[in-house]
Amino acid sequence: MARAGVEARGAIFTKPEVVEFILDLAGYTADRPLHRFRLLEPSFGDGDFLLPIIERLLEAYARERAPAADVVADLQRAICAVEVHSKTVSRTKDKVRRLLVENDFSEEQAEALASSWIIEGDFLLVALSGKFTHVVGNPPYVRQELIPNALLSLYRSHYSTIYDRADLYVPFIERSLLSLGDEGVLAFICSDRWMKNRYGGPLRELVAKNFHLTHYIDMVTTQAFQSDVVAYPAITVISRERPGKTRIAHRPEVTSATLRKLAKEMCSDELPDGSGLVEVSGVANGSEPWILNSFDQLALVRKLEASFPLIEETGCRIGIGVATGADAVFVGQYDELPVEESRKLPLVMTKDIHGGVVDWRGKGVINPFNEDGSVVRLDDYPKMKVYIEKHEGAVRRRNVAKRSGAGWFRTIDKINPQLTNREKLLIPDIKGEANVVYEGGEYYPHHNLYYITSDEWDVRALQAVLLSGIARLFVATYSTRMSGGYLRFQAQYLRRIRLPYWSSVAEDVRQALIDAAIANDINACNEATFGLYRFTDEERAIVGGSA
């Protein structure tokens, strides 16, 4: 990281007007005695935050400076700025010295302050002294896969929030929060993924237990950065104090005038009339995903959660199709796969269901598993043995092969052949609306498809419920949005759907659901589903169907 390029370091540079907005939200303003505060910038990069911070500090200090003041002694603890990249540290330190000299500091004073303020090192490992009144910045966007294993293990030993596939900014936020003194304030612009995703659970729990999420500003689709990046950004302001209400704004225009006005409104004692801001309680609730918009929909979701069981408690099972780790070997035209008939299954893929029904394109997948879930013996299947050994290099390069010993030729996910013959619903991952396709029991799903089977519910009736606005209501509430406004219909979100027990569904409602699904009539699916849940006209409108 100390020598890496911009992309590898996850460096994304923030527009000046957004920086000023964040400093205003944090209360780091020149009308306050900033030299008495301690500010931490954990990843200062080219100085997008650091230089405006220094300018505000100098303006505030000039107002209060005593005639015979020792400026180095007065200011040397006011800022602590950390950066891992050596060339960037050197370049930005020069900028800091020049800025100080331009403000009538001597060369010696400029050097002393720059050296006091700037630390070259890894923020997650470097020693920091004392607590801070403010932490501001834009933490790095680095996926776990890009971090060397030894370093990642070291990080894990220090930070409890590195969970599942958490990006590097998650432990950055953890350390920053824990560096705050009482009533200290953190203000970051950062990806919003951790606020809802599985990997953000421990960090959300930390915030809920010990901090107050005071402000949230959704910056998705705004031009918050100096280059075009798909970063799903949000600004969060979190203080070390008792939990309370959160003020929320969505996608402001990125201009100095607009952001100055918004900061004033966000920080006012009372929300101004007509501001368009929302103030809500209970956003941070343990490790639960943060719900930060669509509060009428949230109220309906909460009502359904209090009234009905989870979908998997009603006899339904949600899973994901097979990942092989080497599709070029394991997946091909079914009739052309040179293995025994018993060792291949017809495979349904995302492209097969674009029209709302299964239109199989003839793909198949090699199945290296017995009915009991054990891996087959290659010697028992000569054709498969010849084919797999022909591609042994590609198959053995997979991590699953290295962990599986004699079963090195297994697929990443275990294949359950019985699933092929079961009625199921197929749902692709990323969509604007729920695309729920009925499959009568002929194909095995590929890994870009989630599937739902049921031992109790009629699968066609279940399809009607999920084709209605219900699936989208729950997924939109709990899922993060992708570029273009698309939702992720992943298992973790589908499992939050609430559903009545099939035994409690009246016969006429059952038939209406089945008929609507077979006809692929979305309006009829909505009407039957609204009857199932006994929605009022207002609740129907919230879900998005006709009243």
Pairs under 9 Å by beta carbon, first residue closer than 17 Å to residue 344 by Cα in the range 378-406, partner polar (S, T, N, Q) and surrounded by fewer than 17 Cβ atoms within 10 Å (Cβ to Cβ), six or more apart or different chains?
381/342
Just the residues that are acidic (Asp, Glu), part of a loop (DSSP other than H, G, I, E, B) and touching a helix residue (DSSP H, G or I) at 6+ places or on another chain (Cβ under 8 Å), please, taken from the range 108-167.
164, 167
For residue 284, state whether it is touching a Leu at 6+ places or on another chain (Cβ under 6 Å) and either buried (at least 19 other Cβ atoms within 10 Å of the Cβ) or part of a strand (DSSP E or B) (or both).
yes
Which numbered condition residue 86 fails, given (1) without any contact (Cβ under 8 Å) to a residue 60 or more places away in the chain; (2) open to solvent by 20 Å² or more (accessible area, probe 1.4 Å)
(1)
Select from the range 264-298 the residues that are hydrophobic (A, V, I, L, M, F, W, C) and within 23 Å of the chain's Cα centre (by Cα) and list them in ascending order.
278, 280, 283, 284, 290, 291, 292, 295, 298
What's the total number of residues in the range 405-428 that are open to solvent by 10 Å² or more (accessible area, probe 1.4 Å), among the aliphatic types (A, V, I, L, M) and part of a loop (DSSP other than H, G, I, E, B)?
1
Does any residue in the range 493-522 that is over 14 Å from residue 457 (Cβ atoms) come within less than 9 Å, Cβ to Cβ, of a residue that is open to solvent by 30 Å² or more (accessible area, probe 1.4 Å) and among the hydrophobic types (A, V, I, L, M, F, W, C) six or more places away or on a different chain, and which pairs are these?
495/310; 496/310; 512/524; 515/524; 516/522; 516/524; 520/357
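For (1) open to solvent by 50 Å² or more (accessible area, probe 1.4 Å); (2) without any contact (Cβ under 8 Å) to a residue 60 or more places away in the chain, each residue gets a yes or a no:
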{"position": "19", "(1), (2)": "no, yes"}
{"position": "27", "(1), (2)": "no, no"}
{"position": "44", "(1), (2)": "no, no"}
{"position": "53", "(1), (2)": "no, no"}
{"position": "60", "(1), (2)": "no, yes"}
{"position": "64", "(1), (2)": "yes, yes"}
{"position": "68", "(1), (2)": "yes, yes"}
Among the residues of the range 223-263, write down those that are at pLDDT 90 or above, of a type in the set (S, T, N, Q) and under 23 Å from the mean Cα position of the chain (by Cα).
236, 239, 246
Note on residue 402: of the conditions (1) open to solvent by less than 60 Å² (accessible area, probe 1.4 Å); (2) in a helix (DSSP H, G or I), unmet is (1)
Which of the residues spanning the range 112-142 are without any contact (Cβ under 8 Å) to a residue 60 or more places away in the chain, loosely packed, with under 15 Cβ neighbours inside 10 Å and touching a Leu at 6+ places or on another chain (Cβ under 8 Å)?
125
I'd like the full set of residues that are in a strand (DSSP E or B) and surrounded by fewer than 17 Cβ atoms within 10 Å (Cβ to Cβ), limited to the range 314-328.
317, 319
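The values are calculated or read from the model by the stated rules, or taken from the named source; none is laboratory data. It should be emphasised that the depicted structure is a prediction, and the values quoted were computed from it without experimental measurement. Cβ sites come from the backbone with ideal geometry, for glycine too, and all protein chains shown count toward neighbours. Note: areas computed on protein heavy atoms with side chains; ligands, DNA, RNA excluded. Shrake-Rupley method; radii C 1.70, N 1.55, O 1.52, S 1.80 Å.
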